[in-house]
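Shown next, in structure tokens, is the structure this report addresses.
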Amino acid sequence: MSYYGSTDYLENSDFLLRMKDMRKGNLDLGWMKAGTEQIEVHASSAKRGLTYLDLNQGSYGYDELAEIPRGPRGAAPRGASYEVDNQADLGPDLNLKSDVWAYKVASFYEEAVSRQWDATTDVPWADLDKYDTPEEVEIAFAQLCTFFTEVEMIATDLPAKWCWRMNNQFHEVKGFIASQAIDEARHAEVFRKRALAGGVGLMQALPQAEHSLKAILDSDTYSEASAFMHLLAEGNILTMFRFSEFISPTPVDKRMFQLVMQDEARHVSYGLQHLKWILDNTPERKEQLHAALDEAENFSLSQFDSALFEAMIVLAGKGTSPEQIKRGIEIVGTLQVRQVEEYFQRLRRAGFAERIEKSKFRDLLAAVSLNQQDAAIAS
Amino acid sequence: MSIAFPSLEFFKALQQRTKDEVVAFEKLGVCDTTFGVRVGDELYRIAFEIYECTEVDECDDPAPLDFVLSAPVELWREMFQSVVENAGADAEHTINSLTHVGDIMKIEYEDPEGHDCFYRFMATIQAFLDEAKHLDVDLS
């Protein structure tokens, strides 16, 4: 216990007298005149139900929330009355709207809540036994699942790390990243289950991945963490999920990747919209984001030389014969180009096209002889 | 009487399936996207709102669409053949697999936000196309 009350209530005579008075029926009832706004709220669609978007009105809404909301720093919900002098200061670090906000964040939250799924029952695990997968392919798949499990565990920690640091005025964002934390926990669950259910079990934890994940977790600001994780890392993982669905050895795995892909795409969309919000509202932070992405891209490059990529080559080629490896390299090369291409597209959409000229990925693609595809990216 | 593919009638029959299978589509969650299916030269507009497909029609302008799945008619026939034979697309014929490598089926889009809708609602879109398994469809 580190936060102690300023009063020992059982030793406080005023408090005890007031309690006795209340028990006699002498209520104050001053709280009934809070003076807060009363609005008419209706679900815009009965089928969809009452959403945060329907509540976006007046002092309860988010459109009128200022860049610096000079309200409470405790747990007073937006729109409630509060006494600044008497409320607990929870010491939130993120108090500017542009620190956390994203276009469409309320919609992303509603979508996240609606599209939840269950890793225990929504993947047809019992069907896994129906398919005979070559041993080396199953081993490679287990390595891929091991990597994804590592990634998703940290992706669970990251939103949890920042959620409580956000001012409670931004509850739509807090709700969204809380939903992200449960999404990522479910992803770690489903990949762990898949690795074990296939009979191989977990394979090697990858140092490159862990250093990269530590860099995400240790980002100095939430926006740096978001640019690294939501936009860059999850963008890359989204493309890897697409690839993994493509090369999945069984329909069971296809189903798993279709489901995780949806969640990941939502997180990437939030990241894009947060970056866009920052650039539209606080463009002076561009240089800070460039510096963060310089290092984020550097860490991401390390993924291109690891057991992970060898596993992906084996999976794509469906084996380890020279012909299969050659085919696997071709497919994985396409994946690498696509990861970079989609990252660049998102940067452009967020209004951060200038980042592309500085990106380390251009040099990477040239270094691994993917020049032909690189030309397509440049256009 | 079988429904010819490709035709507006075919896509309207798929639309009706999202209303007939309301529990299954509600389980997948809200899906708010309007996308295109280009079969050869024909472009069909498919609108999803909340849990179901709300509109299907032919259109000329892909600009307002989040994304367009585009392939020659032969490939669409092959895909729906797989759906009918396997009670859902087999491993080689999911829309993700067809669009992922080699541009067998293309995803056309102007806006990466629209493109991301393809991923965000992947399971619903796949379920929508898989509903062809319940149709008496003429793929000849």
Task: Under the Karplus curve 6.51 cos²θ - 1.76 cosθ + 1.60, θ = phi - 60°, whole-Hz ³J(HN,Hα) for segment A:56-73, x wherever Gly or Pro sits - done: 6, 9, x, 6, 8, x, 9, 5, 8, 6, 6, 4, 10, x, 7, x, x, 10
- [ ] Enter the accessible area per residue of chain A (Å², integer; probe 1.4 Å; all protein chains in place).
- [x] 47
Open item on the list: Restricting to Cα pairs below 8 Å that are 6+ residues apart, what does the relative contact order work out to for segment A:97-378? Please round to a whole percent.
Closed with: 24
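Using +1 on the beta carbon of Lys and Arg, -1 on that of Asp and Glu, and nothing else charged, what's the dipole of segment A:97-378 about the Cα centre, debye to 20?
Numbers: 30 positive and 43 negative charges, 121 e Å.
For this selection, approximately 580 debye.
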TODO: Give me the Kirkwood hydrodynamic radius of segment A:190-269, using the inverse of the mean 1/r over all pairs of distinct Cα atoms, in Å to one decimal.
DONE: 14.0
Open item on the list: Not counting ligands, DNA or RNA, and with a 1.4 Å probe, what is B:ASP103's accessible surface area in Å² rounded to the nearest 10?
Closed with: 90
Open item on the list: With angles folded into 0 to 90 degrees, how steeply does helix A:13-23 sit against the dominant principal axis of chain A? Use alpha carbons for both and round to 10.
Closed with: 90
TODO: Choose one answer from A:PRO249, A:PRO322, A:PRO77: the residue with the largest mean-square fluctuation in a GNM of chain A with alpha-carbon springs under 10 Å.
DONE: A:PRO322
TODO: Let me know the charge dipole size of the protein assembly as shown about its Cα centre in debye, to the nearest 20, where only the beta-carbon of Lys, Arg (+1) and Asp, Glu (-1) is charged.
DONE: 1040
TODO: Determine ³J(HN,Hα), in whole Hz, for all residues of segment A:159-166 in sequence, where each value follows from phi through the Karplus function 6.51 cos²θ - 1.76 cosθ + 1.60 and θ = phi - 60°; x replaces Gly and Pro.
DONE: x, 5, 4, 9, 4, 6, 8, 8
- [ ] Pop out the carbon and sulfur fraction of the accessible area of segment B:3-135 as a percent, whole number, probe 1.4 Å.
- [x] 45
Task: Charge-dipole axis of the protein assembly as shown as Lys and Arg at +1 and Asp and Glu at -1 on Cβ define it, positive-most pick from A:SER98, A:TRP277, A:MET256 - done: A:SER98
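In µm²/s, what is D for the protein assembly as shown at 10 °C and 1.306 mPa s, where D = kT/(6 pi eta Rh) by Stokes-Einstein and Rh is the Kirkwood radius from Cα pairs? Please list the in-between numbers first.
Working: Rh = 25.1 Å.
Stokes-Einstein gives a translational diffusion coefficient of 63 µm²/s.
Once you sort the root eigenvalues of the Cα gyration tensor of segment A:97-378 as a ≥ b ≥ c, which label holds: rounded (a/c under 1.5), prolate (a/b larger than b/c) or oblate (the other case)? If you can, show how the numbers build up before the last one.
Details: a/c = 2.08, a/b = 1.29, b/c = 1.61.
Oblate, because a/c is 1.5 or more while a/b does not exceed b/c.
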- [ ] State the Cα centre-to-centre distance between segment B:98-116 and segment A:270-334 in whole Å.
- [x] 18
Open item on the list: Could you work out what % of the accessible surface of segment A:1-94 is carbon and sulfur, using a 1.4 angstrom probe and leaving DNA, RNA and ligands out of the count?
Closed with: 52
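With r as the distance between the Cβ atoms of A:LEU196 and B:LYS106 and R0 = 45 Å, compute the FRET efficiency 1/(1 + (r/R0)^6) and round to 0.05. Mind showing how you got there, number by number?
Details: r = 37 Å, r/R0 = 0.83.
In this case the efficiency is close to 0.75.
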Task: Where segment B:17-110 is the region considered: accessible area per residue in Å², 1.4 Å probe - done: 43
- [ ] Find the sum over both chains of the accessible area lost when B and A are paired, probe 1.4 Å, and report it in Å² to the nearest 100.
- [x] 3100
Open item on the list: Considering only protein heavy atoms and a probe of 1.4 Å, how much of the accessible area of segment A:97-378 is carbon and sulfur, as a whole percent?
Closed with: 53
- [ ] Determine which aspartates and glutamates satisfy two conditions relative to A:LYS193: a Cα distance under 17 Å, and not lying fewer than 8 residues away in the same chain.
- [x] A:ASP118, A:ASP122, A:ASP127, A:ASP129, A:GLU138, A:GLU150, A:GLU152, A:ASP183, A:GLU184, A:GLU245, A:ASP253
Open item on the list: Normalised by the empirical 2.2 N^0.38 Å for globular proteins, what value does the Cα Rg of segment A:113-163 take?
Closed with: 1.54
- [ ] With springs connecting C-alpha atoms under 10 Å apart, model chain A as a Gaussian network and identify which of A:ALA197, A:ALA155, A:ALA225 has the largest mean-square fluctuation.
- [x] A:ALA197
Open item on the list: Rounding to the nearest 10 and keeping the result within 0 to 90°, find how far the Cα-based axis of helix A:234-247 lies from the longest principal axis of chain A.
Closed with: 50
TODO: When a/c is below 1.5 the answer is rounded, else prolate if a/b is larger than b/c, else oblate, so apply that to segment B:1-100 with a ≥ b ≥ c taken from the square roots of the Cα gyration tensor eigenvalues.
DONE: rounded
Task: Under Karplus coefficients 6.51, -1.76 and 1.60, residue-wise ³J(HN,Hα) of segment B:78-89 in Hz, glycine/proline x - done: 4, 5, 5, 4, 4, 4, 5, 6, 10, 6, x, 4
Open item on the list: Rounded, prolate or oblate, given the Cα gyration tensor of segment A:1-40, with a/c below 1.5 counting as rounded?
Closed with: oblate
Open item on the list: For the ranges B:126-132, A:290-296, what's the packing order if you count other beta-carbon atoms within 10 Å of each residue, average per peptide, and put the highest first?
Closed with: B:126-132, A:290-296
- [ ] State the answer as a single residue: which of A:GLN345, A:MET312, A:ALA188 lies farthest towards the positive end of the charge dipole of segment A:97-378, with beta carbon charges of +1 for Lys and Arg and -1 for Asp and Glu, about the Cα centre.
- [x] A:GLN345
- [ ] Of the listed pairs A:LYS174/A:LYS276; A:LYS161/A:LYS254; A:LYS286/A:LYS360; A:LYS33/A:LYS97; A:LYS97/A:LYS161, which have alpha-carbon separations greater than 28 Å here?
- [x] A:LYS161/A:LYS254; A:LYS33/A:LYS97
- [ ] Have a look at A:ALA102, A:ALA353, A:ALA119 and tell me which one the Gaussian network model of chain A (Cα, springs below 10 Å) gives the largest fluctuation.
- [x] A:ALA353
- [ ] Measure nothing but the geometry: give the 0 to 90° angle between the long axis through the Cα atoms of A:251-281 and the longest principal axis through the Cα atoms of chain A, rounded to 10°.
- [x] 60
TODO: Give the residue from A:LEU50, A:ALA233, A:THR120 lying farthest towards the positive end of the charge dipole for chain A; charges sit on Cβ (+1 for Lys and Arg, -1 for Asp and Glu) and the dipole is referred to the Cα centre.
DONE: A:LEU50
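The values are calculated or read from the model by the stated rules, or taken from the named source; none is laboratory data. Here the structure is a predicted model, which means the values were calculated and not measured. Neighbour counts run over all protein chains shown; Cβ positions are idealised from the backbone, glycine included. For the accessible areas, the whole protein counts, side chains as well, though only heavy atoms, and no ligand, DNA or RNA atoms are used. Shrake-Rupley method; radii C 1.70, N 1.55, O 1.52, S 1.80 Å.
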